[in-house]
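Enquirer: Here you go, one structure.
The values are calculated or read from the model by the stated rules, or taken from the named source; none is laboratory data. All values reported here derive from a predicted model rather than from experimental measurement. Note that each Cβ is placed from the backbone with ideal geometry, even for glycine, and that neighbours are counted across all protein chains shown.
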Amino acid sequence: MVWSRIGVRIRLIVSRVLAVARIVRRAFRYRFYPTPEQAEELVRTFGCVRLVYNKALEERTRAYLLEGRGVSYDESSAALTRWKRTEELGFLRQVSSVPLQQALRHLQAGFANFFAKRARYPVFKSRKRSRAAAEYTRSAFRYRDGELFLAKLDGPLDIVWSRPLPEGVEPSTVTVSRDAAGRWFVAILCEETIRRLDPVGESVGIDAGISALVTLSRPIDGLTDSDGKVANPRHERAERRRLAKAQRALARKAKGSANRAKVRVRVAKVYARVADRRRDFLHKLTTRLVHDNQVIAVEDLTVRNMVKNHSLARAISDAAWRELRTMLAYKAAWYGRELVVVDRWFPSSKLCSACGAIAGSMPLDVRSWQCGCGAVHDRDVNAAKNILAAGPAER
């Protein structure tokens, strides 16, 4: 009887903890600066990972087309062992075996997603276009006293710890990558306990746009102007002149030359600067929205179709609406907020938020309009209010 009561109390305590906290898998990404020897070893590892992935994909495709059968992960792993024993591919033994095995697991996941109709058929990795990365599991790295050691590498990585890892966490995987701009990054995956935010009584509707990045159904101090609009920073446009200059220089260089490779890195650095600034801005914006509101209502935009409009494609891509919604989704889940997605066909712009009447055709150049009830609407503010009002119906 006593033990049953203790068990009940333990369950109650656990349920209360789970109600105020959530355990999530979170990656912490840092810049690091490898030594010449470490860089050489990592580049060799990237090449071997790419080769194993492509060769395994080729074997799977051949087996399906010629023999009509599938290839399991265990078969691919056994094939990798045979490849290492051959004279032609014996160099695969010189790098850590863990990133090679992880490449096979990623390929297996790619086929699982393909057969579940969540993704397209896996494609071959390109030396020039694909992401250069290698993933290490716990058996291939050691994290101790703020230092990270990888298998086959001499010494710890020189990591710039821009923020500390959560206290007491144990990394489960480490992914090392190098981007097109030549920068090295390490992503450390951990399980972190995130405390849910205290409930608040505010809700907000969000209308995404171009002149204003987002328009909210109500102004927020320090975030929006008096109309509830957040100005679009237009990061790509700010770097357009520098980007055009670098691209012209790239076009003048002979293909395959060393000078062309140098200028290609210069172009990549401009793109990286744009992406970094955009991501930083969106993180700050979405974090503030999630902290200040219990319910967030957004419109389900089909960005893939919208960018087919060549007049607006560049501006829409620069606004990064899809990335904005993705950040809102996982941050709302982390902190116990509710994200409501309103149907894409909902007439948010043409619906009068005062009387509920629907206006006729409304081209994009119409930024304000007057309803028959006498209400004068800013197109974006009216849309944000309607999106918020439609949110409860979409739950």
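Every residue, every condition in (1) part of a loop (DSSP other than H, G, I, E, B); (2) assigned by TED's automatic domain parsing to the domain that holds Trp184; (3) at pLDDT 95 or above, yes or no:
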| site | (1), (2), (3) |
| --- | --- |
| Arg11 | no, no, no |
| Val14 | no, no, no |
| Gly47 | no, no, yes |
| Val52 | no, no, yes |
| Lys55 | no, no, yes |
| Arg69 | yes, no, no |
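Enquirer: Would you check if Asp225 is closer than 30 Å to Arg26 by Cβ and surrounded by fewer than 17 Cβ atoms within 10 Å (Cβ to Cβ)?
Expert: No; evaluated as a whole, the condition is false for this residue.
Enquirer: If you go through the range 132-187, how many residues are among the hydroxyl-bearing types (Ser, Thr, Tyr), under 30 Å from Arg264 (Cα atoms) and at pLDDT below 95?
Expert: 1
Enquirer: For Asn232, work out the one condition from (1) closer than 20 Å to Lys385 by Cα; (2) out of contact with any Gly (no Cβ under 8 Å at 6 or more places or on another chain); (3) in contact (Cβ under 8 Å) with a residue 12 or more places away in the chain it doesn't fulfil.
Expert: Unmet condition: (2).
Enquirer: Could you give me the residue pairs with C-beta distances under 8 Å whose first residue belongs to the range 322-346 and is within 16 Å of Val200 (Cα to Cα) and touching a residue at least 40 places away in the same chain (Cβ under 8 Å), whose second residue is aliphatic (A, V, I, L, M) and in a loop (DSSP other than H, G, I, E, B) wherever it lies, and which are 6+ apart or on separate chains?
Expert: Tyr335/Leu197; Gly336/Leu197; Arg337/Leu197
Enquirer: Let me ask something else. If a residue counts only when it is surrounded by 14 or more Cβ atoms within 10 Å (Cβ to Cβ), touching a strand residue (DSSP E or B) at 6+ places or on another chain (Cβ under 9 Å) and among the hydrophobic types (A, V, I, L, M, F, W, C), which helices (runs of 4 or more DSSP H) contained entirely in the range 302-362 have at least 3 such residues? Break it down stepwise before answering.
Expert: Details: elements: 303-306, 313-319, 321-335.
Qualifying helices (runs of 4 or more DSSP H): 321-335.
Enquirer: So, one more: Are any of the residues in the range 17-35 more than 23 Å from Leu189 (Cα to Cα) and at pLDDT 95 or above?
Expert: yes
Enquirer: Inside the range 363-395, can you point out the residues that are surrounded by 13 or more Cβ atoms within 10 Å (Cβ to Cβ), charged (D, E, K, R) and within 29 Å of the chain's Cα centre (by Cα)? Please lay out each step first, then the result.
Expert: Of the residues in the range 363-395, the ones surrounded by 13 or more Cβ atoms within 10 Å (Cβ to Cβ) are 369, 371, 375, 377-391, 394.
Still in the list and also charged (D, E, K, R): 378-380, 385, 394.
Scanning the range 363-395 gives Asp380, Lys385, Glu394.
Enquirer: Can you find, within the range 31-42, the residue that is nearest to the chain's Cα centre (by Cα) among those that are part of a helix (DSSP H, G or I) and in contact (Cβ under 8 Å) with a residue 24 or more places away in the chain? Before you say what the answer is, go through the steps one by one.
Expert: Residues of the range 31-42 part of a helix (DSSP H, G or I): 36-42.
The next check asks that each one be in contact (Cβ under 8 Å) with a residue 24 or more places away in the chain; those that pass are 37-39, 41-42.
Details: Glu37: 31, Gln38: 27, Ala39: 26, Glu41: 28, Leu42: 24 Å.
Checking each candidate, the answer is Leu42.
Enquirer: Being surrounded by 10 or more Cβ atoms within 10 Å (Cβ to Cβ) and among the hydroxyl-bearing types (Ser, Thr, Tyr) is the filter; apply it to the range 67-86 and report the residue that is nearest to the chain's Cα centre (by Cα).
Expert: Step by step, filter the range 67-86, then rank; the result is Tyr73.
Enquirer: Kindly indicate the residue of the range 194-204 that is of a type in the set (Val, Ile, Thr) and surrounded by 14 or more Cβ atoms within 10 Å (Cβ to Cβ) and also nearest to Glu41 (Cα to Cα) among those meeting that condition. If you could, list the steps in order and put the result at the bottom.
Expert: Going residue by residue through the range 194-204, those that are of a type in the set (Val, Ile, Thr) are 194, 200, 204.
Checking the rest, the ones that are also surrounded by 14 or more Cβ atoms within 10 Å (Cβ to Cβ) come to 194, 204.
Working: Ile194: 36, Val204: 50 Å.
Applying the filter and picking the extreme gives Ile194.
Enquirer: Answer yes if at least one residue in the range 282-299 is among the β-branched types (Val, Ile, Thr), crowded, with 16+ Cβ neighbours inside 10 Å and farther than 30 Å from Arg22 by Cβ, and no otherwise.
Expert: no
Enquirer: Does Arg218 satisfy the condition of being part of a loop (DSSP other than H, G, I, E, B) and of a type in the set (Lys, Arg)?
Expert: yes
Enquirer: Also, I was wondering about something else. Give just the number: which of (1) among the basic types (Lys, Arg); (2) over 20 Å from the mean Cα position of the chain (by Cα); (3) under 19 Å from Ser217 (Cα atoms) does Arg325 not satisfy?
Expert: Result: Arg325 fails condition (2) only.
Enquirer: Quick one: Thr326 ticks every box in (1) at pLDDT 85 or above; (2) among the β-branched types (Val, Ile, Thr); (3) farther than 30 Å from Ile23 by Cβ except a single one, so which number is it?
Expert: If we test Thr326 against (1) at pLDDT 85 or above; (2) among the β-branched types (Val, Ile, Thr); (3) farther than 30 Å from Ile23 by Cβ, just (3) comes out false.
Enquirer: I would also like to ask the following. Can you tell me which residues in the range 106-116 are modelled with pLDDT of 95 or more and either over 16 Å from Thr61 (Cα atoms) or touching a Leu at 6+ places or on another chain (Cβ under 7 Å) (or both)?
Expert: Passing the criteria: only Leu107.
Enquirer: All but one of (1) in contact with a Lys or Arg (Cβ under 9 Å, 6 or more places away or on another chain); (2) small (Gly, Ala, Ser); (3) assigned to a helix (DSSP H, G or I) hold for Ala251, so report the exception by its number.
Expert: Unmet condition: (1).
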